[in-house]
Each structure stands twice: as C-alpha cells, then as structure tokens.
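Everything on this sheet refers to the single structure shown next.
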Amino acid sequence: MELVEERPFRFRIEPHGDMRVPGVVFASRELLEDAEQSLRQVVNVATLPGIVGASYAMPDVHWGYGFPIGGVAATAVDEGGVVSPGGVGFDISCGVRLLAADCAGREIERALPAVMDGLGQVIPRGAGPGGVWKPSGRSELERILRGGSRYAVEQGHGEERDLTRCEDGGTVADADVAQVSGRAQERGLGQVGSLGSANHFLEVQQVAEVYDETVAAAFGVALGQVCVMVHCGSRGLGHQICTDHVRAMDWAMARYGITVPDRQLACTPVDSPEGRDYLGAMAAAANYGRANRQLLSDATRRIFRREVGARLSLVYDVSHNLAKIETHVVDGTRRRLCVHRKGATRAFPPGHPELPNDIREFGQPVLIPGTMGTASYLLTGVTGGDAFFSTCHGAGRVMSRHAAARTITGKDLRTRLERDGIAVRPKSLRSLAEETPEAYKDVDAVVAASEGAGLCRTVARLVPLGVVKG
DNA sequence: ATGTTC
C-alpha cells in the first residue's frame with residue numbers, strides 16, 4: 001500500500017482500482033506499523049457508492065468488521081449515497097461519558113477503597129444479562145428506545161444538565177422500534193444499565209494535567225479534581241440490530257446494483273427502505289446506549305453520595321460508533337451527508353449551533369478513554385477540523401485477546417495495578433489479563449497524532465485511581 | 001463489541 005505523506009500526521013492513498021475517493025490516514029509512521037489490513041479496509045470503503053471527500057482513518061485505526069475501527073466515511077444522501085451497518089459497528093452507540101466530582105483526589109484518598117467496593121457491588125458488568133434497571137416490559141423498553149437518556153432522567157434517574165451536556169440532548173430522533181427485532185429487544189430487556197465486557201470500563205480518575213484552563217473550567221474540570229469516566233455501549237441489543245440489518249442489506253444489495261469488495265461492507269442507499277429501516281433501528285440502539293450510560297451514572301452518584309458526600313456533574317457524553325445525517329460543505333457545495341463514524345469521535349468546532357450554550361464558544365468536548373491503567377483525555381473540537389469534524393476514539397488494540405492473556409496472568413496484572421496505586425474491581429481475572437495495557441497502542445501517541453493532524457486540541461489528561469471492569 | 005461459534 002503506497003502511503004504519500006502530505007504533511008506531518010497526514011498520509012494519502014491515491015485512488016486506484018474501484019476507489020471513488022482517496023484514502024486519508026491521520027497518523028505517524030510508528031502508529032501505522034502492522035496496519036496493512038486496516039489500510040486495505042480504508043481502500044475498500046473508498047469504493048462505496050456516493051462516498052465524498054475521502055475514506056478517512058484516525059490515528060487509532062485497526063482492523064474491524066468490513067470498515068476499519070477508527071474510520072470515517074461520508075456519503076451524499078441525495079446522490080445515491082449508501083448507509084452500511086459495518087460503518088457503525090456491532091456496538092452501536094458505544095461511547096464515553098465523563099462526570100466531574102465536587103472534590104479533589106486527596107480528599108477521597110482514604111475513602112477510595114469503600115467507593116470502589118460500593119461501585120464493585122452495584123455496577124453490573126461482564127458478558128450476559130444483568131442491569132441496574134429492569135424495564136417493566138416491552139412497552140417500557142420501547143420508551144427507552146425512543147427517549148434514551150431523556151426517558152431515564154424523566155423517570156428520576158438524573159438531572160437536567162445530564163441532557164444539555166449529552167450529544168443530541170440525550171435523545172436521537174427518528175428511532176423506529178418496529179425495526180428492532182424481537183430477539184434484539186429480548187436481549188436488551190435484561191441489560192439496561194450494564195457495562196458489558198472487553199475494553200468497556202467505569203473508572204474513578206483524577207485530573208493530572210490541564211493544557212487549557214479556560215476551556216477546562218468551562219467544561220467543568222480542574223487540576224486534581226476527581227472524575228468518573230464510563231465507557232460502554234448498547235450491549236446485546238445493538239449487536240443483534242447490526243446482525244439483523246447486515247443480513248437484510250446483504251440480500252437487498254444486488255437489487256440496487258451495488259457490488260462491494262467485501263461482503264462485510266453490505267449497504268443500501270440511505271434513501272431506500274432498507275437504509276431507513278437500519279437508521280431507525282440504529283437510532284433506537286443509540287438511545288439505549290445513552291440510557292445505559294445515564295443509569296450507570298445514577299448508580300455511581302449514589303455510591304459517591306453515600307461514601308464521600310460528593311456530587312457528580314456531567315462534563316459530556318459522546319458516542320464514537322454512529323452514523324449521522326449532517327450537512328457539510330464538500331467541493332464548495334452544501335450537501336446532506338450520512339457520516340459514518342466507527343471508532344471515531346465527532347468533534348464539532350467552536351461556535352457550532354448544536355453545541356450547548358454554555359460551552360459553544362469552546363468547541364465540543366471529546367472524551368478519549370485510554371487503556372486500563374494508563375491515561376484518558378479530554379479534548380475539544382477545532383475550527384477547520386478535517387474528516388467532517390472527527391477525531392480518534394481511544395488507544396486501539398494491537399494484540400489479540402488470546403495473545404494478551406499469554407503475556408500476564410490476571411492475578412499478576414491486578415497486583416501490578418494495585419502496586420501502581422490503581423484499585424481494580426474486575427468481574428473476571430481472565431478478562432482482566434486480556435485487557436493488559438501492552439495489548440493496546442499508546443494513547444498518548446494517538447492523542448498527540450490527532451492534535452498534530454489538526455483534528456482536535458488537548459484540554460486535560462486524566463489518570464485512573466480505580467477501575468471497574470467486566 | 002457479542003448469551004465471546006446459530
């Protein structure tokens with residue numbers, strides 16, 4: 001694969017074969033070692049009908065289902081552009097929420113074990129069923145799928161700021177519950193308010209560095225402050241929706257005369273029954289993901305109130321696995337686009353009309369969860385941001401789960417983390433080993449490349465005090 | 001990511 005370095009942290013793959021647009025990869029040479037497979041996927045995505053601009057890859061790009069994780073692709077809705085479930089991923093609306101406590105790390109040092117024990121008891125995690133909230137039945141699940149975080153807050157599980165500081169005000173419009181299969185609903189019923197497994201986590205963190213005090217203050221964080229970061233998605237419900245709609249599109253594609261270089265890129269026009277059906281189901285999963293993070297926040301707040309008398313305010317909640325209909329100027333014309341972000345975070349620039357009033361002038365908060373035991377970042381969107389205002393989403397795995405578990409035992413890893421001052425409350429020691437930091441890229445390098453490429457700006461760096469994992 | 005291979 002020939003990569004032409006256009007400028008630092010920006011590489012280009014010239015269109016060849018069936019590519020309709022170039023590939024654009026934001027990264028350093030080091031971050032792209034062993035990236036052959038994911039760059040092949042960047043090229044494949046560039047062949048999709050209606051794609052505009054480029055097939056983009058963020059610095060944390062790695063191999064995924066059809067599309068690379070860390071990929072951004074926008075299609076022109078009014079020019080036959082397609083939507084593809086593979087461009088969103090199986091964990092629809094997987095995302096991150098950051099809450100800031102009204103206390104500093106040193107103030108809760110002695111109480112931290114009790115806080116972690118409390119969280120360890122109330123946060124459902126790991127594969128399979130379990131959740132903090134059991135919907136009364138299908139009709140209540142449907143209210144969650146339509147209302148998202150707004151419904152959870154209306155039911156007493158949050159406060160108004162939880163909605164103003166959440167992407168889309170907590171609710172994605174146009175959720176179509178009829179497109180969520182019975183099987184997807186069945187899986188979703190038992191997992192409302194649960195973390196899941198793999199790289200999902202709930203961490204108690206401390207702000208270790210502030211790069212821009214004005215922006216940090218506006219977002220609601222300061223040096224030394226305790227924060228809670230929640231990283232999770234739409235669990236089995238989102239997974240089932242992706243499975244169902246990939247299958248439907250795989251069958252329907254030929255009727256639209258669409259051929260793709262990889263069946264995992266199954267897609268149909270946005271403006272087709274199958275496209276609308278998927279986007280309706282995806283919106284329902286997006287609402288489920290937000291409600292999920294809202295309910296985990298609610299449970300966390302109860303523990304913080306009980307153990308240390310602290311309050312937690314929402315900094316922001318943003319998804320990094322979603323397709324959205326957005327208007328952007330491409331080649332000098334305003335166009336309605338379906339922007340697929342898969343393992344990529346929307347990063348609206350300062351002044352964007354969709355941002356909350358109190359932080360609009362500073363840009364959109366972007367939340368980057370690091371690898372367990374390392375660091376996480378609070379970033380902000382920038383003027384002139386490329387890739388339809390998108391940036392990275394995390395560290396990005398480089399070692400298979402199996403390979404990771406061979407490097408260290410869960411017990412040894414727990415000992416190492418505790419020795420480094422990080423309390424761990426894992427559900428499974430085997431899963432813990434699979435998440436060893438060595439299995440991931442260096443989040444500091446990923447963030448430096450994202451900032452160097454002009455996609456975002458750093459606001460603060462957070463380090464873990466305690467981690468709750470599946 | 002995922003009732004971790006319908």
| note | The residue from A:Gly454, A:Gly373, A:Gly384 that alone is within 16 Å of DNA strand B (Cβ to nearest atom) and not in a strand (DSSP E or B) is A:Gly373
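Tell me, which residue of region A:104-131 that is more than 30 Å from A:Ala347 (Cβ to Cβ) and within 16 Å of DNA strand B (Cβ to nearest atom) is surrounded by the most Cβ atoms within 10 Å (Cβ to Cβ)?
Restricting to residues being more than 30 Å from A:Ala347 (Cβ to Cβ) and within 16 Å of DNA strand B (Cβ to nearest atom), the top hit is A:Pro124.
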| task | Within region A:57-86, work out how many residues are open to solvent by less than 20 Å² (accessible area, probe 1.4 Å) and of a type in the set (Phe, Trp, Tyr). | result | 1
| Index of the failed condition, A:Arg311 passing every other in (1) basic (Lys, Arg); (2) surrounded by fewer than 24 Cβ atoms within 10 Å (Cβ to Cβ); (3) within 15 Å of DNA strand B (Cβ to nearest atom) | (3)
| request: Filter region A:149-187 for residues that are of a type in the set (Ser, Thr, Tyr) and touching a Lys or Arg at 6+ places or on another chain (Cβ under 8 Å) and give the result. | output: A:Ser149, A:Tyr151, A:Thr171
| task | Name the one entry in A:Ala460, A:Ala448, A:Ala404 that is in a helix (DSSP H, G or I), among the hydrophobic types (A, V, I, L, M, F, W, C) and either under 22 Å from A:Arg293 (Cβ atoms) or open to solvent by 20 Å² or more (accessible area, probe 1.4 Å) (or both). | result | A:Ala448
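One line per residue, one yes/no per condition, for (1) in contact with a helix residue (DSSP H, G or I) (Cβ under 7 Å, 6 or more places away or on another chain); (2) within 30 Å of A:Gln179 (Cβ to Cβ); (3) open to solvent by 10 Å² or more (accessible area, probe 1.4 Å):
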position: A:Glu209; (1), (2), (3): no, no, yes
position: A:Thr214; (1), (2), (3): no, no, yes
position: A:Ala218; (1), (2), (3): yes, no, yes
position: A:Gln225; (1), (2), (3): no, no, yes
position: A:Val230; (1), (2), (3): yes, yes, no
position: A:Ser234; (1), (2), (3): yes, yes, no
| request: Could you name every one of the helices (runs of 4 or more DSSP H) located completely within region A:207-320 that has at least 3 residues being within 24 Å of A:Gly81 (Cβ to Cβ)? | output: A:235-252, A:273-308
| query | Scanning for something crowded, with 19+ Cβ neighbours inside 10 Å, in contact with a Ser or Thr (Cβ under 7 Å, 6 or more places away or on another chain) and basic (Lys, Arg), does region A:134-155 turn up at least one residue? | reply | yes
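So that you can scan it fast, the table gives a plain yes or no per residue for (1) open to solvent by 10 Å² or more (accessible area, probe 1.4 Å); (2) out of contact with any Cys (no Cβ under 7 Å at 6 or more places or on another chain); (3) at pLDDT 95 or above:
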residue: A:Phe304; (1), (2), (3): no, yes, yes
residue: A:Val315; (1), (2), (3): no, yes, yes
residue: A:Thr327; (1), (2), (3): yes, yes, yes
residue: A:Pro353; (1), (2), (3): yes, yes, yes
residue: A:Asp358; (1), (2), (3): yes, yes, yes
residue: A:Val366; (1), (2), (3): no, no, yes
| Selection count where residues are open to solvent by 20 Å² or more (accessible area, probe 1.4 Å) and under 20 Å from A:Ala27 (Cβ atoms), scope region A:368-401 | 10
| message | Would you confirm whether or not region A:417-427 contains a residue that is open to solvent by 50 Å² or more (accessible area, probe 1.4 Å), under 29 Å from A:Ser38 (Cα atoms) and over 20 Å from the mean Cα position of the chain (by Cα)? | response | no
| What residue, of A:Gly309, A:Gly343, A:Gly289, is on the phi > 0 side of the Ramachandran plot and either among the acidic types (Asp, Glu) or under 20 Å from the mean Cα position of the chain (by Cα) (or both)? | A:Gly343
| message | When the residues of region A:166-183 are narrowed to those that are part of a helix (DSSP H, G or I) and of a type outside the set (Asp, Glu), which ends up farthest from DNA strand B (Cβ to nearest atom)? | response | A:Gly169
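Here is a check on your reading of the model: is A:Ala101 open to solvent by less than 10 Å² (accessible area, probe 1.4 Å) and touching a residue at least 40 places away in the same chain (Cβ under 8 Å)?
In short, yes.
Yes/no matrix, rows are residues, columns are (1) within 16 Å of DNA strand B (Cβ to nearest atom); (2) under 20 Å from A:Ala439 (Cβ atoms):
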| residue | (1), (2) |
| --- | --- |
| A:Val21 | no, no |
| A:Val24 | no, no |
| A:Asp34 | no, yes |
| A:Asn44 | no, no |
| A:Tyr56 | no, no |
| A:Gly66 | yes, no |
| request: Taking only region A:195-246 into account, find how many residues are of a type in the set (A, V, I, L, M), within 16 Å of DNA strand B (Cβ to nearest atom) and either touching an Asp or Glu at 6+ places or on another chain (Cβ under 8 Å) or closer than 25 Å to A:Pro124 by Cβ (or both). | output: 7
| request: Go through (1) open to solvent by 10 Å² or more (accessible area, probe 1.4 Å); (2) in contact (Cβ under 8 Å) with a residue 12 or more places away in the chain; (3) within 11 Å of DNA strand B (Cβ to nearest atom) and name the single condition A:Glu186 misses. | output: (2)
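The values are calculated or read from the model by the stated rules, or taken from the named source; none is laboratory data. All figures in this text were calculated on a predicted structure; none of them were measured in a lab. Glycine gets a Cβ as well: all are built from the backbone with ideal geometry, and neighbour counts include every protein chain shown. To get the accessible areas, we keep the full protein, side chains included, count just its heavy atoms, and leave off ligands, DNA and RNA. Shrake-Rupley method; radii C 1.70, N 1.55, O 1.52, S 1.80 Å.
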